[in-house]
1. Please list, or write none, the lysines whose alpha carbon is within less than 26 Å of the alpha carbon of LYS236, excluding same-chain residues fewer than 8 places away.
2. I need the Debye-formula profile for segment 430-493: one equal scatterer per C-alpha, no solvent, reported as log10 I(q)/I(0) at q = 0.29 1/Å, two decimals.
3. How big is segment 346-495 by the Kirkwood estimate over distinct Cα pairs, in Å?
4. Give me the distance in nm between label points sitting 7 Å out from Cα along the Cα-to-Cβ direction at ASP498 and GLN225, one decimal.
5. Per residue of the chain, what 222 nm ellipticity follows from adding -39500 (n - 2.57) for every DSSP H run with n ≥ 4, rounded to the nearest 500?
6. Would you list which aspartates and glutamates come within 16 Å of LYS318, measuring only between C-alpha atoms, while excluding same-chain residues fewer than 8 positions from it?
7. Please report HIS527, HIS445 as a ranked list, fewest other C-beta atoms within 10 angstrom at the top and most at the bottom.
8. Counting each pair of different Cα atoms once, what's the Kirkwood radius of segment 109-223 in Å, rounded to one decimal?
Amino acid sequence: MKAPATFDRRTLLQAGGLAIAFTWLSGAGKAVAAINARQQPGDAAAALADGNPPFAPNAFIRVDADGGVRLVMPMAEMGQGIYTGSAMMIAEELGVELDQVRVEHSPPDEALYGMPLLGGQITGGSTSTRSTYGVLREAGAVARTLLVAAAAAQWKVEPASCTVARGVVSHAPSGRQLGFGALAANAAKLPMPGKVALKDPKDFTVIGKPLRRVDSPDKVNGTSQFGIDIRLPGMKVATVQACPTLGGSLASVDDKAARAVPGVIDVLRIGNAVAVVGEHFWAAKQGLDALKIQWTPGANAGLTTRKLRDALADSLAKGQAILGREVGKRPEGTLVEATYQLPMLAHATMEPLNTTVHVKPDQCEIWVGTQVPARCVSVAAKITGLPEAKVVLHNQYLGGGFGRRLETDSVEQAVAFAKQVPYPLKVVWTREEDIRHDIVRPMYHDNISAVVDANGKLVWFGDRISGGTVLGRWAPAFMGKDGMDGDLIECVAEPAYDFPNLKVEWVRHDMPPGLDVGWWRGVGPTHNLFVLESFIDELAQRAKQDPVAYRRAMLQKNPRTLAVLDLAASKMGWGQGTLPARVGRGVALGDPFGSRVCAMIEVEVTPQGEVRLRRAVVALDCGIAINLGSVEAQVQGGLLFGLSAALFNEITIENGAIQQSNFHDYRTLRINETPTVEVHTVKSGEAPGGLGEVGTAIAAPALANAIFAATGVRLRALPVNRALLVQDKAALKKKVADARTSDMTIEGSAA
């Protein structure tokens with residue numbers, strides 16, 4: 001939605017709105033609001049579009065005539081609980097309770113809802129709370145200040161003598177009260193306050209409580225609408241198949257049998273895909289299965305996982321590196337080295353990709369759940385040839401994102417198909433299409449090394465990384481001047497530990513055209529924490545020291561992370577008692593996304609090499625915790641997501657095509673396999689840190705270290721290779737040999 005070029009004060013007041021300019025200012029993960037008394041056309045236009053409420057003090061808050069408060073959300077809700085957290089921040093400063101706030105999806109508008117921390121109107125990178133904590137609190141405080149001022153003026157009393165609770169302004173000395181609805185119109189006419197006071201955290205009554213989510217009731221009763229739920233008059237449903245070979249194209253289609261399927265309406269084609277349109281999904285799916293398709297595989301026809309790994313290893317050995325960070329120089333001492341490898345991973349969200357589009361001669365209307373609404377508008381405008389002002393996007397709840405819905409490929413495809421028909425078209429990907437055409441997390445190879453002294457103490461750390469860049473494709477303007485991808489080295493270039501000397505460098509190795517890599521619930525930290533924390537465990541074992549004690553000695557200058565290590569150890573009972581045979585505990589810690597986290601996992605490894613998760617303990621310092629219930633849920637969900645990936649998952653390629661297709665070969669933990677996950681939160685007054693990806697980033701190294709403690713086998717690759725974990729050594733050797741010949745397993749090593 002675009003604002004008019006000019007919007008004078010008279011017109012603005014006639015519209016019933018008063019605008020405050022909020023500027024996103026980011027530094028060290030913090031966002032603060034700057035108040036500007038100028039009238040902002042975008043805010044006024046947004047207020048008009050929201051039904052002309054009598055009080056719209058900024059882009060986020062609407063107070064209706066009945067006193068109802070609406071929060072227009074700058075971020076998307078995909079299960080992470082951000083609608084609840086943001087509503088709590090507004091409610092805390094505005095003077096209402098959470099049950100009085102109604103949350104709405106924001107329209108695509110970079111000017112009003114964009115966050116420079118991520119380069120636009122984007123939900124991702126565990127930045128939502130970090131970016132808006134100051135902004136939304138100040139937005140609420142401004143609205144409260146104006147409403148109180150309106151009441152005080154009417155009563156002819158000092159504003160300081162008034163209080164606010166549950167949307168009612170009270171004057172205790174006289175016993176008078178007025179609700180927000182009665183004050184809204186007058187509040188809108190007042191001049192903007194030059195400064196507002198925010199609550200001291202010790203006075204919080206909403207923030208920090210374990211409150212129920214604002215979106216839960218509608219999700220329970222089925223009235224919440226996700227993208228896949230869209231129903232429109234005259235709408236038809238399509239399902240698609242793109243060229244199985246990544247980067248390939250469509251050669252020809254025999255659609256005679258498909259058109260004979262009852263309920264099939266049409267067969268549509270674009271350059272690399274075909275869609276069958278039906279009265280309903282099942283008709284479309286049956287029609288798609290009946291097509292006889294010829295594909296042109298293209299340059300990737302011979303591509304395999306093994307070739308990709310070999311190319312990465314070659315780059316690691318011979319490529320020109322970009323220096324990420326260097327402190328000091330490598331001293332003399334004993335050199336310890338290891339090579340670690342991580343696979344490509346898919347997102348496999350519970351809601352498969354889908355987009356509903358209606359293209360008319362003068363307008364394109366889109367219904368989709370996306371993490372990047374403004375980007376979707378931009379690509380749709382290019383495909384249709386319409387100006388962006390003629391593209392209307394209705395964002396929906398997302399049935400999982402994990403970074404997959406930071407991409408616009410499925411929206412682009414749907415718009416290209418919808419251009420060919422006069423009716424609204426819902427395009428739904430099958431689960432198989434969703435996984436086989438995922439934009440995957442990159443694979444990596446690391447040569448990691450350390451110099452240790454005679455006591456096993458680390459005196460120099462080195463990491464040479466080979467892998468592709470997501471940032472370089474998705475937001476190249478955010479790459480460093482030297483070509484460095486800052487996300488790729490996060491948590492290893494500036495580790496939690498006090499390393500006296502270190503060197504981190506990256507050899508860029510992009511995947512072949514057609515094999516795009518993307519964000520995956522944390523890219524850099526999920527890779528780097530596995531490598532770093534596994535290697536720290538190796539060094540502790542080599543020095544014959546307890547892994548927790550070894551880490552503790554390197555955290556004396558990082559008290560926040562040391563505190564979560566100690567808390568986790570206490571809750572797990574680390575070092576206490578004797579564990580049964582082939583049962584072990586592993587530890588991993590880090591400072592990802594502005595939070596401090598330590599995970600401890602207890603596993604049992606059967607003689608046949610199966611890994612059973614017995615218990616998980618996570619200690620977390622995420623700064624000020626907005627909603628303790630959401631904090632616990634996010635860490636638990638993220639940890640289980642990461643454990644699923646580490647135990648089971650890898651995207652492999654044969655003949656240029658992804659081999660995995662559904663949950664039978666791209667697994668997730670089942671309920672009977674899921675351990676108890678205890679989350680213990682440090683009470684902190686620091687600025688909020690990120691949460692959505694924290695549990696995922698720390699899961700794999702804690703698991704691998706627990707497996708080592710149980711078996712003595714050091715896993716330097718993922719997913720877990722069960723062939724290495726069998727108890728019988730003769731069987732172990734045979735299974736490893738069989739696995740190597742299958743070209744499906746990356747080597748691990750016995751410590």
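1. Cross-link targets: LYS219, LYS256, LYS285, LYS292, LYS360, LYS382, LYS390, LYS419, LYS426.
2. Taking Cα atoms of segment 430-493 as identical point scatterers yields -1.22.
3. Values: mean 1/r = 0.0551 Å⁻¹.
After inverting the pairwise mean of 1/r, the radius is 18.1 Å.
4. Here the answer is 5.7 nm between the modelled labels.
5. Working: 20 runs with 225 residues, N = 751.
Result for the chain, helices only: -9000 deg cm²/dmol.
6. ASP310, ASP446, ASP463, GLU505, ASP510
7. Values: HIS527 29, HIS445 25.
Lowest to highest Cβ neighbour count: HIS445, HIS527.
8. Working: mean 1/r = 0.0591 Å⁻¹.
This gives a value of 16.9 Å.
No value in this document is a laboratory result; all are computed from the given coordinates. All values derive from a computational prediction rather than experimental measurement. Note: ideal-geometry Cβ built from the backbone for every residue, glycine included; neighbour counts use all protein chains shown.
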